[in-house]
Amino acid sequence: MSTLKHAILCAVSVVHLSATQFNAIGELALNDYTLEELQSMSLNQLLDLRITSSTGIEQRLSEAPSIATVITAEQIQRSSARTLSEVLSMVPALKVYTPSVNLGSSSYDIRGLKTGFNSQMLFLMNGTAMNNLFSSSPLLGFNFPASAIKRIEVVRGPGSAVYGADAFAGTINIITKDAQYLGEKSQAGVRYGSYDSAEVFTNYGYTQEELSLGVNLSYMTSNGDSSRKVEADLQTTLDGIFNTSASQAPDALHTNYELLNLNLNLLYKDFEMNLWGQLSEKGTNAGIANALDFTGSVEQEALMGDFIYRYELSSELLWENKLSLTYLNNEMNYGTLFPAGTVLPVGDDGNIFTSGGGLVNFSDGLIGRPAAKEYWAGIESSLYIQSIEDHDIRLSVGYSFAKLEASEKKNFGPGILNGSEGTVNGSLTDVTGTPYVYSPDVNRKRFFLSLQDEYSLSSALLLTTGLRYDNYSDFGDTLNPRLGLVWKNSETFTSKLLYGRAFRAPSTGELYWKNNPAILGNEEVQPESIDTIEMGFAYRANKNFHANTNVYWYEANDLISTVPTNLGQKYENVGRQHGAGLELELDYQFNTSLLLSADYAYRWTKSSITNEAVAGIPKHISHINADYTLLQNLHVTPEVLVVADTPRAQGDTREKISSYALLNLAIGYKFNKDFEITIAARNLLDKSYVDPSDADPVGDFPMPGLNAFAELSYNF
């Protein structure tokens with residue numbers, strides 16, 4: 001096999017990161033080592049593991065032209081992480097907001113950029129984009145089992161020059177345990193813990209001659225944390241206005257879930273197939289309209305497939321073709337926006353809080369069952385050209401078609417009410433296919449063309465340039481460049497200077513939502529854009545000590561947010577956000593048994609609307625980790641997370657948001673090479689803390705207290 005083909009297959013087959021999909025990160029060649037070998041490696045050896053950029057150039061991880069973090073399956077196994085969100089909480093400079101709103105989704109904050117639907121981050125599954133049309137997020141309430149993850153790649157900073165839309169604040173790539181990782185080994189396990197949370201999983205690998213198969217299957221369930229109680233919700237305020245007592249507060253957030261997840265990877269010669277399927281049902285947390293709802297849930301189906309063929313034209317030329325297919329189905333199962341007994345003013349046009357009409361008593365609640373089905377098909381072709389006068393070039397072209405079909409049943413809104421009804425019960429009217437549905441059916445077509453060049457100016461200096469053109473059928477064109485200069489100043493010091501521009505495409509909800517008592521769309525909304533400059537410095541004083549320092553500055557424009565109207569909230573391009581920050585990472589290897597790590601991020605943000613720091617975004621985030629192995633069989637992994645100085649919105653008179661420090665702890669014991677038990681606890685000291693809500697009357701959201709679990713796993 002040629003050098004080029006070997007490098008590309010390492011970057012694509014082994015890690016599922018093609019050049020068109022994950023160029024900024026590079027590849028850490030962990031598959032050359034067993035778990036026992038990785039655990040016995042010193043810090044110096046780990047840092048010397050080779051990475052292969054997506055154009056086939058080997059380099060250390062610290063020398064890749066991006067600010068990136070890699071978390072491996074081995075690190076996940078030794079931590080207390082059970083889900084994607086808990087894994088991401090380990091990433092430096094990234095803040096995870098535990099599910100409270102957004103129908104069960106955790107929210108992620110990279111460098112002070114965050115939305116409720118995570119629409120400013122691009123999510124990839126094995127290198128394929130997951131963000132949907134409906135909300136520009138992977139799924140409503142997206143969750144994923146840590147047991148299926150081979151590694152997580154997180155790029156902080158813009159990535160649209162490589163990935164296109166939504167790689168705005170950063171890119172999160174979930175790489176599942178594939179055929180080559182599993183080889184001929186298989187694993188099964190069971191986990192049980194707080195809130196009657198349980199998981200049963202198996203990871204199966206099979207290899208014979210040129211055929212390899214990897215399968216991950218997981219079933220997860222939880223009754224939710226009944227201690228996370230809110231004292232008041234939006235209905236509490238409405239009760240005070242209309243002299244009712246419909247609110248279900250004070251009571252707990254509805255955080256239960258049930259999830260079945262399947263990943264399949266097949267390799268045969270130059271062909272690869274990846275399949276992902278998920279069925280899930282989740283509670284509504286704080287409620288769709290910030291009114292507690294214990295009758296509703298979100299049911300979802302997801303199926304995604306990639307079919308990749310790679311053809312070596314010559315020793316310097318590789319051609320890769322990829323077909324991607326996706327099906328998503330989101331459905332609210334009796335979503336009660338406001339509870340039984342609520343009284344609301346309904347206008348003569350059928351909308352809530354408009355003129356005319358009168359007060360209506362919704363005896364069974366204001367109920368809606370919206371659903372959205374999405375169909376995606378995309379084709380992508382990439383040509384890799386290696387070593388043309390010190391240039392490595394990638395040229396990619398692609399086309400995708402996406403369709404959203406909306407349906408809805410409800411007991412409110414235009415075409416159903418006119419404000420004269422007095423009392424309305426829970427009987428639902430099907431408005432699918434009428435002007436009164438929450439969204440029209442939508443088609444979106446996209447064409448893109450991208451070019452990237454990695455130019456070795458010298459043995460110590462690498463210049464990466466890239467440009468991507470995207471054309472969307474619903475809002476037009478966008479052009480996004482990138483520029484990266486990596487300089488290996490010496491054997492112990494590497495520096496990099498990076499620039500990138502990115503955009504976020506407006507979701508169909510932001511464009512077209514209508515007849516909605518919570519938020520309305522706006523067809524005039526344009527894409528968000530961001531320009532970012534970064535500088536990174538990596539220093540290795542000796543084989544036991546390593547440090548990274550990153551500084552950044554960005555300006556985000558045309559940010560999409562809601563503004564009040566006489567029909568409720570409406571999406572608009574409302575302003576700019578400036579951000580700057582400092583990120584520090586330190587690793588110290590005391591001996592072969594103890595590795596200490598620490599990171600700290602200072603994030604400065606400023607909104608052009610308020611001329612103040614962005615509300616709800618903490619200024620300081622820090623982690624302290626230890627990985628301690630005793631007698632080769634026992635490992636202890638404590639982690640401390642510190643979050644401090646979270647500002648309120650301008651004019652918000654509520655008390656200051658308290659800073660907090662959480663302790664997580666995992667203890668694992670290997671009885672032999674095949675059988676292991678892990679006991680872990682998160683928030684071990686049972687610290688009381690909150691994530692902020694936007695404003696009264698909802699109040700802040702209480703976060704989980706002490707929760708623990710035990711896991712048994714067996715390799716066979």
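Overview of values
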{"quantity": "Subset of region 479-511 [outside any strand (DSSP E or B) and surrounded by 22 or more Cβ atoms within 10 Å (Cβ to Cβ)]", "calculated": "Ala505, Pro506, Ser507, Thr508, Gly509, Glu510, Leu511"}
{"quantity": "Of residues in region 331-348 being buried (at least 23 other Cβ atoms within 10 Å of the Cβ) and of a type in the set (S, T, N, Q), the one nearest to Leu292 (Cα to Cα)", "calculated": "Thr336"}
{"quantity": "Strands (runs of 3 or more DSSP E) contained entirely in region 603-716, each with at least 2 residues that are closer than 28 Å to Leu292 by Cα", "calculated": "660-670, 707-715"}
{"quantity": "Those strands (runs of 3 or more DSSP E) lying entirely in region 310-385 with at least 1 residues touching a residue at least 40 places away in the same chain (Cβ under 8 Å) and within 29 Å of the chain's Cα centre (by Cα)", "calculated": "317-333, 335-338"}
{"quantity": "Subset of region 233-267 (residues that are under 25 Å from the mean Cα position of the chain (by Cα) and among the acidic types (Asp, Glu))", "calculated": "Glu258"}
{"quantity": "Region 84-101 - residue that is under 25 Å from Phe294 (Cα atoms) and crowded, with 23+ Cβ neighbours inside 10 Å and, of those, modelled with the highest pLDDT", "calculated": "Pro99"}
{"quantity": "Qualifying residues in region 234-290 (those that are part of a strand (DSSP E or B), out of contact with any Asp or Glu (no Cβ under 9 Å at 6 or more places or on another chain) and among the aliphatic types (A, V, I, L, M)) - the one farthest from Asp306 (Cα to Cα)", "calculated": "Leu260"}
{"quantity": "Residue ID - surrounded by the fewest Cβ atoms within 10 Å (Cβ to Cβ), chosen from residues in region 439-458 that are among the polar types (S, T, N, Q) and free of Cβ contacts under 8 Å to residues at least 60 places away in the same chain", "calculated": "Ser458"}
{"quantity": "Any hit, region 411-426, residues being assigned to a strand (DSSP E or B), touching a residue at least 24 places away in the same chain (Cβ under 8 Å) and among the acidic types (Asp, Glu)", "calculated": "no"}
{"quantity": "Test: Leu279 is under 20 Å from Ser222 (Cβ atoms) and of a type in the set (A, V, I, L, M)", "calculated": "yes"}
{"quantity": "Qualifying residues in region 645-664 (those that are hydrophobic (A, V, I, L, M, F, W, C) and either in contact with a Lys or Arg (Cβ under 9 Å, 6 or more places away or on another chain) or farther than 21 Å from Ser607 by Cα (or both)) - the one surrounded by the fewest Cβ atoms within 10 Å (Cβ to Cβ)", "calculated": "Ala661"}
{"quantity": "Among residues of region 512-531, those that are in a strand (DSSP E or B) and either in contact with a helix residue (DSSP H, G or I) (Cβ under 6 Å, 6 or more places away or on another chain) or within 13 Å of Ala165 (Cα to Cα) (or both), counted", "calculated": "3"}
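The values are calculated or read from the model by the stated rules, or taken from the named source; none is laboratory data. Small disclaimer: the values here were computed from a predicted structure and weren't measured. As a convention, Cβ positions derive from the backbone with ideal geometry for all residues, glycine included, and neighbour counts pool all protein chains shown.
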